[in-house]
1. Please give the helix A:313-322 orientation as an angle from the longest Cα principal axis of chain A, in degrees from 0 to 90, rounded to the nearest 10.
2. Would you calculate the volume per residue, in Å³, of the smallest convex hull containing every Cα atom of chain A?
3. Per-residue mean of other chain beta-carbon atoms within 10 angstrom of the beta-carbon, peptide A:245-258?
4. Report the A-B buried area as the accessible area lost on both sides summed, probe 1.4 Å, in Å² to the nearest 100.
5. In terms of Cα to Cα distance under 21 Å, which lysines are near enough to A:Lys336, apart from those fewer than 8 places away along the same chain?
6. Take A:Thr9 and B:Glu98, extend 7 Å from each Cα along the Cα→Cβ direction, and tell me the distance between the two endpoints in nm.
7. Across 20 Å bins from the origin, how do the percents of Cα pairs in the protein assembly as shown run, short distances first?
8. What fraction of the DSSP beta bridges in chain B is antiparallel, stated in percent and rounded to the nearest 5?
Number of protein chains: 2
Amino acid sequence: MHALVYTGTETLVYREEKNPILKNGESIIKVKASGICGSDMHAYHGKDERRIPPLILGHEVSGTVDEGKFKGKEVVLNPLITCGHCDYCSSNREHLCERRIILGISKPMEKQGSFAELVSIPDKNIYELPKGLDIKEAPIAEPTAVALHAVDLGESVLSKPINECKVLVIGGGAIGLLCGLIVSKIKKAEEIVIVDPNKKRLNVCSKYLKADPVHPNSPKIINNSFDIVFDTVGLEITRQDAIEAVKPGGTIIHIGLTQPSGQFDFRKATLQEITLIGTYCYTNKDFEKTLDILSNKKIGSLDWIEFRDLKNGADAFKEIHNGSCSAPKIILLPWKLNNNLTQPTFVIRIFL
Amino acid sequence: MHALVYTGTETLVYREEKNPILKNGESIIKVKASGICGSDMHAYHGKDERRIPPLILGHEVSGTVDEGKFKGKEVVLNPLITCGHCDYCSSNREHLCERRIILGISKPMEKQGSFAELVSIPDKNIYELPKGLDIKEAPIAEPTAVALHAVDLGESVLSKPINECKVLVIGGGAIGLLCGLIVSKIKKAEEIVIVDPNKKRLNVCSKYLKADPVHPNSPKIINNSFDIVFDTVGLEITRQDAIEAVKPGGTIIHIGLTQPSGQFDFRKATLQEITLIGTYCYTNKDFEKTLDILSNKKIGSLDWIEFRDLKNGADAFKEIHNGSCSAPKIILLPWKLNNNLTQPTFVIRIFL
């Protein structure tokens, strides 16, 4: 099969790789679409110790079952492979499973990712593509589940209904935009500020999200004024912005992980009773809820997604890296669309 | 009146000071007992920007009403003076009131503290000494309310009942011991580890608290094993210990504030979904619950408190500072006990 292989820092090579082998309880998926995640970028920058080259990255994925139980079905994959019987797995917190493996990761066990024509996955991680969700857009289910989990986690500790809250979203990437869309369209919050230094990205976000799109220096980011702050970037500076912006008694949801450690103002966190929650991935229930959300178009149009051929994936990584890309999400397509994607609505969309 | 005045870094002078003036809506309290808090120590070290010398410190206090509405009554004071009508005050989160003032603090408004023979306080901050609580021990109500608030806050975000949790308490001072006692005797947790480098203190704690008392290097502090960690110290190193010890999906309650900022492992906090909650003070309801707890001796004997004359208060501060003091709490007594404290049970106890 062809695959986009991460071979070293800032290097991706589109080349021939061995096909995945069908194992018991698993299926082989013909990948139709696979999104580039912030964590893939992190690996690309050589900063993710869990992703060691050579490795096929990618874990946001839709496709058709090529071999296995559900052969021929159009599917979306939950890339989080968990043990199924530890305390976490038994209490609906599968994302905390100590033996969790993710597609496109090297540790704790290597599992090749979905920037390829084929990928293997346990059957229990396969979900049927729900009606109303375009197979090409379906990889967005994964980051949407991340955002949904983050928003729900934040909501669970707020002292007032989230729709009455003033919300700050730091970062206009996919996770930031998705948190914003969920908070706005599903949770019905009306006071949302989204902040990003990249004007082009902000413009895209503001087309789809009812929020104040601002630059990090904007006077609209008033200190001590936000009930909840989503830091989808995770830099020392964004954490500083988050703790400054959050209101006494408020909540910071820490989703991004660009800088893994750094200084933090524990004085304010303590004296003002700030709750900081780190969040990563989602539960199986979150993933199911997400498919329902997307199937019913509850977060609106997904036209903010950009599509590229997998073979040109290295260029997409470069553009995200140098900030010349305005789309909050790029999805890579491994097969020639007109040959391999059969949904008529889809074929029409390609030529628009 | 006589008072112990903080006149500069590591300097306290017992001297004559002006009596407080009776204002409308306030009372003058004849202080019978006043505890030394970690935050007083922080001021003593010249590290609390809200406590500027010269200032009478002290905010854990019991006494009798000398002038005012409840004249003659034995009372305990809630030293947290709030505005009473902001959003926080109206929603039972008075401790977050932006205009909050604490006894023995310089900012946002100077209010002389209780290391003195007399102190003034708004009437709404005065609680009658409950039956069963010794007036000499009653200042412990304040740190007990702090600990109760912290434990309840932690409990509210746990994914399982707190009595089934493995609990780590960092710090064997009053707040650490009180958190431990509440978690053990009220919340019925059975797996508690309390850690402090001061062996003498640990010995005192272990007499009263059913917990494993250990040194910070102990192998009993297993990484990723505690459901909830109370950091009652708030040093960079204790925060590091806390994040290492806490289990995936677990909670850190940050109560101490020795180092106001510092590095933190946001990588683990994010990948393992750790909740960190800063906590400070307590609500009015917490204070009332605490009086009930103490009145009904729900946290057991308070014999771990040590008493000193206020005039020798400077020595007590020195002993706490240099670690030669084993008591988790020292309470200062401004009046000669046999002349001024009339409760018979109390007089008996003095001579025990």
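The values are calculated or read from the model by the stated rules, or taken from the named source; none is laboratory data. Since the structure is predicted, the reported quantities are computational estimates derived from the model, not experimental observations. Heads up, the Cβs are rebuilt from the backbone with ideal geometry, glycines too, and the neighbour counts pull from every protein chain shown. Only protein heavy atoms, including side chains, enter the accessible area calculation; ligands, DNA and RNA are left aside. Shrake-Rupley method; radii C 1.70, N 1.55, O 1.52, S 1.80 Å.
1. 20
2. Details: hull volume 45.2 nm³, N = 352.
Considering the Cα atoms of chain A, their hull volume per residue is 128 Å³.
3. Working: counts 0, 0, 4, 9, 7, 1, 2, 1, 0, 6, 1, 2, 5, 1.
Whole-number average of other-chain Cβ neighbours for A:245-258 is 3.
4. Details: alone 15860 and 15870 Å², together 28130 Å².
When A and B are taken together, about 3600 Å² of accessible area is lost.
5. Answer for A:Lys336, where 21 Å is the Cα cut-off: A:Lys18, A:Lys30, A:Lys32, A:Lys71, A:Lys73, A:Lys136, A:Lys311, listed by chain and number.
6. About 4.6 nm separates the two model spin labels.
7. Percent of Cα pairs in each bin: 17, 44, 26, 12, 1.
8. Numbers: 32 of 58 bridges.
Around 55 percent of the beta bridges assigned by DSSP in chain B are antiparallel ones.
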